[in-house]
Amino acid sequence: MARLEYRLLLDHEKYELLYFYGNIDLEQIIARRECEFFVKEGVTYKQLSSALEKGTFIIYVEKYGDGIKEDEVDDNGLLLEVRELNANENYPLITTLKLYTHLEVMSYIGSSFTYFHGKEWLRDSAEINEDRRLYVLYVTPTGLILEQEGNGI
């Protein structure tokens with residue numbers, strides 16, 4: 001188990017401790033570092049950089065936006081929502097995946113392209129949403145339509 005800190009940019013390279021996790025597994029830290037956004041208590045933070053300092057993993061963030069704290073998703077598993085990056089349509093849900101390890105989460109959020117419902121999707125960004133207790137992968141359609149199974153792909 002490892003330690004993780006989120007540090008908030010105040011101004012001119014000055015940071016303050018925002019959140020501390022004293023007993024977190026390395027796989028989860030790596031998945032979190034892959035996320036450009038972090039949501040907690042209704043506030044969205046954007047990752048600026050990350051570091052390993054004297055045995056503590058650090059994710060440096062800046063405040064990106066305020067919102068309301070959303071309710072947890074009613075599920076005890078490790079969830080990944082895949083959403084289309086389309087603010088005009090409130091980020092439509094493409095699919096929700098129930099995963100078992102943070103390495104599985106990484107296999108999706110760390111990929112440039114994913115395939116759902118016979119379409120190819122390009123990764124835009126990922127978020128860890130602690131309020132809802134899930135990860136979110138934001139994607140855009142590439143326009144590539146996959147052939148049906150048995151016809152090639």
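Computed values, structure above
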quantity	calculated
Overall form of the chain per C-alpha gyration tensor (a/c, 1.5; a/b vs b/c)	prolate
Part-to-part distance (alpha-carbon centres) for the stretch 85-153 and the stretch 1-73, which is given in Å	22 Å
Peptide ranges 64-73, 24-33, 137-146 listed from the most packed, as the mean C-beta count within 10 angstrom indicates	24-33, 137-146, 64-73
Cα-Cα over 32 Å, subset of Lys14/Lys98; Lys46/Lys98; Lys46/Lys119; Lys69/Lys98	Lys14/Lys98
Computed lengthening from Asp71 to Glu27, 0.36 nm per intervening residue step minus Cα-Cα distance	13.3 nm
Efficiency of FRET from Cβ geometry, Leu10 and Lys40, R₀ 25 Å, rounded to 0.05	0.90
Highest to lowest packing among 81-88, 124-131, scored as the average C-beta count within 10 Å	124-131, 81-88
Rg over Rh, two decimals, the stretch 78-145 (C-alpha only, Kirkwood Rh)	0.95
Sites Ala2 and Phe116, calculated FRET efficiency, Cβ-Cβ separation with R0 30 Å, nearest 0.05	0.40
Extension reserve of the Ser50-Glu89 stretch, reckoned as 0.36 nm per residue once the Cα distance is removed	10.8 nm
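We did not get these values from a lab; they are worked out from the coordinates using the rules stated. As the structure is a prediction and not an experimental result, all values here were calculated from the model. Every residue, glycine as well, gets a Cβ built from its backbone with ideal geometry; the counts of neighbours run over all protein chains shown.
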